[in-house]
């Protein structure tokens with residue numbers, strides 16, 4: 001039985017079809033196609049980067065960005081501008097409208113894309129609507145481009161600045177993702193190991 005009510009896919013292979021995973025990941029899904037089995041095997045293999053990409057695509061748009069927001073919010077070493085870029089994701093999730101999407105675009109310009117906060121703001125900006133400047137012909141982002149940005153944000157958040165805490169961070173972030181997938185809010189207090 002699939003307890004992951006927020007993952008609208010029947011199998012791991014269905015999720016992997018949304019992006020371009022490594023061949024080894026596809027082979028693993030062929031032998032562990034049930035989502036719960038695939039996730040557990042990926043965690044056991046410490047396939048951090050690919051599993052983060054999997055969660056970012058498996059969760060619906062708002063839930064994926066919320067997950068990224070929760071991961072980044074679990075750290076307290078962001079500067080003022082980075083904190084505001086992270087907050088832009090929360091504001092958009094709570095009220096997913098054009099105003100907050102364009103606000104996230106401004107946050108990207110303030111912090112850049114060298115660290116996780118810029119990427120979570122980028123995910124919001126790529127969530128839908130035109131990605132061209134106001135007043136220019138409208139161009140929609142490619143499907144699931146936001147998911148790549150969420151994965152980038154979560155991966156950078158886990159690994160930087162020195163990779164020292166990456167295993168513990170990834171484990172914690174995956175617990176958040178699983179909580180959200182079960183219909184929870186992803187907040188640490190609600191996570192049961």
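The values are calculated or read from the model by the stated rules, or taken from the named source; none is laboratory data. Because the structure is a prediction, the values reported are computed rather than measured. No Cβ is skipped: glycine too gets one built from the backbone with ideal geometry, and neighbour counts run over all protein chains shown.
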Practice problem: Take segment 70-101 and flag every residue that is in contact with a helix residue (DSSP H, G or I) (Cβ under 8 Å, 6 or more places away or on another chain) and within 21 Å of residue 130 (Cβ to Cβ). | Solution: 85, 88, 89, 91, 92, 93, 96, 100, 101
Practice problem: Return yes or no: is residue 134 surrounded by fewer than 22 Cβ atoms within 10 Å (Cβ to Cβ), touching a helix residue (DSSP H, G or I) at 6+ places or on another chain (Cβ under 6 Å) and over 21 Å from residue 18 (Cβ atoms)? | Solution: no
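A quick yes/no check of all residues on (1) modelled with pLDDT under 95; (2) under 26 Å from residue 104 (Cα atoms):
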position	(1), (2)
154	no, yes
159	no, yes
166	no, no
173	no, yes
176	no, yes
193	yes, no
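Is it fair to say residue 162 is part of a loop (DSSP other than H, G, I, E, B), more than 17 Å from the chain's Cα centre (by Cα) and over 16 Å from residue 63 (Cα atoms)? Give the derivation first.
Working: part of a loop (DSSP other than H, G, I, E, B): yes; more than 17 Å from the chain's Cα centre (by Cα): yes; over 16 Å from residue 63 (Cα atoms): yes.
When the stated conditions are applied, residue 162 passes them.
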Self-check item: Number of the exception - residue 181 against (1) in contact (Cβ under 8 Å) with a residue 24 or more places away in the chain; (2) crowded, with 22+ Cβ neighbours inside 10 Å; (3) touching a helix residue (DSSP H, G or I) at 6+ places or on another chain (Cβ under 6 Å)
Solution: (3)
Quiz item: What do you reckon, is residue 173 farther than 14 Å from residue 67 by Cβ and either surrounded by 13 or more Cβ atoms within 10 Å (Cβ to Cβ) or in contact (Cβ under 8 Å) with a residue 60 or more places away in the chain (or both)?
Solution: no
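What do you reckon, is residue 140 assigned to a loop (DSSP other than H, G, I, E, B) and over 23 Å from residue 18 (Cβ atoms)? Talk me through it step by step, then tell me what you get.
Working: assigned to a loop (DSSP other than H, G, I, E, B): yes; over 23 Å from residue 18 (Cβ atoms): no.
Considered against the rule, which asks whether it is assigned to a loop (DSSP other than H, G, I, E, B) and over 23 Å from residue 18 (Cβ atoms), residue 140 comes out as no.
Could you say which residue among 129, 152, 118 is closer than 22 Å to residue 87 by Cβ, in contact with a helix residue (DSSP H, G or I) (Cβ under 6 Å, 6 or more places away or on another chain), in contact (Cβ under 8 Å) with a residue 12 or more places away in the chain and part of a loop (DSSP other than H, G, I, E, B)? Working first, answer last.
Values: 152 fails: part of a loop (DSSP other than H, G, I, E, B); 118 fails: part of a loop (DSSP other than H, G, I, E, B).
One residue alone meets the criteria, 129.
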